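The values are calculated or read from the model by the stated rules, or taken from the named source; none is laboratory data. Since we're looking at a predicted model, the values are computed, not measured. Don't worry about glycine lacking a Cβ; one is built from the backbone with ideal geometry, like all the others, and counts go over all protein chains shown. Areas reflect the complete protein model, heavy atoms only, side chains present, ligands, DNA and RNA absent. Shrake-Rupley method; radii C 1.70, N 1.55, O 1.52, S 1.80 Å.
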Amino acid sequence: MPHSQGYDVDGYRLLNEDRTLIVGLVRGGLFLASGIHKVFHKAQLIHAIKPKHIKKQHLEGIVTVILVDDVINCGNSVVEFVRRIQDTNGAVRIIVVAGVIQDKAVGGCSPICALARSTELTIITLRLSKNKYTGKGVTDTGNRLFNTTHWD
């Protein structure tokens, strides 16, 4: 593709961008999902609190789902979302994107590793952490980031 200084450079696009669904997990994944959507603006974007919020009609014609959360501690909720997506459309490719993943969530016999052994699953994170923090209620990451204590 043309560079602003007058020469060509390699460029990349997301294959089937217009058949991609970005799912931002409420609350923590909202900003990261919005940022991904700005880059892949032809993709669809929805927000989900629970796996059941991903409906069959959301996945019709979709070939790739990008599941976005801010922090993954143990991975149980991600596994529930992945299973919901697979049960609804087993042919879709799933990519999990997170700001931080606790290292035990993707190691050993974790729920995510068990799932990844039986299905193709791509996981992308900005940081792998050895720290363990599981918030609840007013100390939850989403509440702290978005001041959403009234949702609890």
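Structure values in brief
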{"quantity": "Sequence-distant residues sharing a close amide H with ILE22 (under 5 Å, placed H)", "calculated": "GLN44, LEU45, ILE46, ILE66"}
{"quantity": "Added length on full extension, which subtracts the Cα-Cα distance from 0.36 nm per residue, SER77 to ASP103", "calculated": "7.8 nm"}
{"quantity": "Relative contact order computed over the chain (Cα-Cα under 8 Å; 6+ residues apart), in percent", "calculated": "20 percent"}
{"quantity": "Sequence of SER118, SER110, SER34 when ordered by accessible area, the most exposed leading, probe 1.4 angstrom", "calculated": "SER118, SER34, SER110"}
{"quantity": "Alpha carbon centroid spacing (whole Å) that separates region 31-45 from region 57-102", "calculated": "15 Å"}
{"quantity": "Proximal charge balance of ILE62 [Cβ under 15 Å; K/R count +1, D/E count -1]", "calculated": "+2"}
{"quantity": "Pair ASP10, LYS55: separation of 7 Å Cα→Cβ label points (nm)", "calculated": "4.2 nm"}
{"quantity": "Pairs of lysines in the chain (C-alpha under 20 Å apart; 8 or more residues apart or interchain)", "calculated": "6"}
{"quantity": "R0 of 41 Å, Cβ-Cβ distance VAL39-THR119: FRET efficiency to nearest 0.05", "calculated": "0.95"}
{"quantity": "Per-residue [θ]222 nm for the chain (sum of -39500 (n - 2.57) over DSSP H runs n ≥ 4, rounded to 500)", "calculated": "-7500 deg cm²/dmol"}
{"quantity": "Label corresponding to log10 I(q)/I(0) by the Debye sum over Cα atoms at q = 0.09, 0.12 Å⁻¹ when calculated from the structure given, among [x] -0.53, -0.64; [y] -0.31, -0.54; [z] -0.38, -0.59", "calculated": "[y]"}
{"quantity": "Gained length - ARG127 relative to PHE31, 0.36 nm times residue gap less alpha-carbon distance", "calculated": "32.9 nm"}
